[in-house]
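These notes are about the structure you will find just below.
Only the coordinates and a few stated rules stand behind these numbers; no lab work does. Please read these numbers as outputs of a predicted model, since none were measured by experiment. Neighbour counts are summed over all protein chains in view; Cβ atoms, including those assigned to glycine, are modelled from backbone coordinates with ideal geometry.
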Ligand SMILES: NC(=O)c1ccc[n+]([C@@H]2O[C@H](COP(=O)([O-])OP(=O)(O)OC[C@H]3O[C@@H](n4cnc5c(N)ncnc54)[C@H](OP(=O)(O)O)[C@@H]3O)[C@@H](O)[C@H]2O)c1
C-alpha cells in the first residue's frame, strides 16, 4: 500500500499539462495550464469548515480560526492537507493578504515552514524546474500596514514583494521597510490590481501564483477577473457561526459558475474533501478551455 496521506484524486477533466511530483508516493502529479501571456496563472488555496467558514475576527492571540477549522492535528487528513499546500508552494510563487500576515506572526510561504517535517525534495523539485529555492513571498496591502519584524520580511532568501498603493508605499517607508521589492498601483480598482499582476509577470517573472488567502484578497482577485481557480479543502468541523464575529465564508462555487475539475479524498477512511474549482470567463482560462474543446 502507498502512503496513506496521498490524496486519491478523481479526474473529471484534464486540468492542463502535468507538472510532475517531488515524490509519487506522497503526491499525485497535478496539471496546470500555461499562464496567460500578460499575467501569472493564479490559484487560490484555502481550507474551509464543513459549513464553508474560512475565518472569523479573532478575539485574542489564542483564538485561531484556521486551527479550529482543521480540527485534530494528528489526523492523516490534516497531514495530507498540509502536504498538498506545501506541494502547491512548489508550482511557482505564493501570495497572501496583509491581514493574514498580521494575524499569523510566524508564517513564511515556503515548502518547508520551520515547524514542518524536513522536505528537501520539495525544494529540489522547484530547482529542477528552473525555479529559485524559495517561492517569492508576495504580500497584498492597500495601506502598507505590514509588520517590519515579520519573518516574511526578515528571513534570508525569501525575496518578499509587497503589492501596495501610493498611500501604502508611504506607510511602508514610515515603518522602515526598505528591503522588500514594492509594486505600487491603485489596487482598489480592478484595473490597478490587473496592472500589478502584469508587473509581477514582466518585472519579476511570476508565472504561477498560489494565493493562500485570506478571503478578502481572493474576493478582490475574483472581482478583477484574475483568479483562475481554487483548491479548497473542506474539513468535517462544523463551525457555530453565531459564536463568532466577522465570520468569513468562501465562494459559492456553483453560483459563481465554476467547474469542479477534480475531487479527492484519502482512502479508505478520509473525512476531508479536496476539491479544485476552475472559474470561467477569465482571459487565461477561457483561452485554455477553448483550445482543448
Ligand atoms: N481558512 C483559510 O484557508 C485561510 C487562509 C488565509 C487566511 N485565513 C485567515 O483569514 C484571516 C484573514 O483574512 P482576511 O480575509 O480578513 O484578510 P486577508 O485577505 O488576509 O488580508 C486583507 C488585507 O489585504 C489587503 N487588501 C485588501 N484589498 C486589497 C486589494 N484590492 N488589493 C491588495 N490588497 C488588498 C489589505 O491590507 P492592509 O490592511 O494592509 O491595507 C487588507 O487588510 C486570518 O484569520 C487568517 O488566519 C484563513
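Write down the Kirkwood hydrodynamic radius of region 1-75, to one decimal in angstroms, obtained as one divided by the mean of 1/r over all alpha carbon pairs.
Working: mean 1/r = 0.0628 Å⁻¹.
Mean inverse Cα-Cα distance, inverted, gives 15.9 Å.
For region 118-227, compute the orientation-averaged projected area of the C-alpha convex hull (one quarter of its surface), in nm².
7.4 nm²
So what is the calculated 222 nm ellipticity per residue for the chain, using -39500 (n - 2.57) for each DSSP H run with n of 4 or more, over all residues, to the nearest 500 deg cm²/dmol?
-8000 deg cm²/dmol
Using every pair of alpha-carbon atoms in region 43-126, split the distances into 5 Å bins beginning at 0 and state the percent of pairs per bin, rounded to integers.
Values per bin, smallest distances first: 3, 12, 21, 26, 22, 12, 4, 1, 0.
Pick out which of 24, 160, 135 has the largest mean-square fluctuation in a Gaussian network model of the chain, springs linking Cα atoms closer than 10 Å.
Fluctuation is largest for 24.
Could you compute the FRET efficiency for residue 76 and residue 145, with r as their C-beta to C-beta distance and R0 at 45 Å, rounded to 0.05?
0.75
For the chain, modelled as a GNM with alpha-carbon contacts under 10 angstrom, which of 233, 74, 21 fluctuates the most?
74
Give me 133, 150, 197 sorted ascending by neighbouring Cβ count inside 10 Å, so fewest comes first.
133, 150, 197
For region 141-176 and region 180-239, what is the centre-to-centre distance using only Cα atoms, to the nearest Å?
Here the two parts' Cα centres lie 17 Å apart.
Using a Förster radius of 30 Å, what is the FRET efficiency between residue 68 and residue 188 based on their Cβ-Cβ separation? Nearest 0.05, please.
On the way: r = 31 Å, r/R0 = 1.03.
Here the calculated transfer efficiency is 0.45.
Under 18 Å from a label point 7 Å along Cα→Cβ of residue 129: give me every residue in region 33-61 with its amide N that close.
33-37, 39-46
Can you tell me, using C-alpha contacts under 8 Å and at least 6 residues apart, the relative contact order of the chain as a whole percent?
Taking the mean separation of contacting Cα pairs over the length of the chain, I get 28 percent.
Obtain the nm distance between the two label points defined at residue 121 and residue 253 by a simple spin-label model: each point lies 7 Å from its Cα along the Cα-to-C-beta direction.
Each label point is offset 7 Å from its Cα along the Cβ direction, giving 2.6 nm.
Out of every Cα-Cα pair in the chain, what percent are more than 29 Å apart?
Above the 29 Å cut-off, the chain has 31 percent of its Cα pairs.
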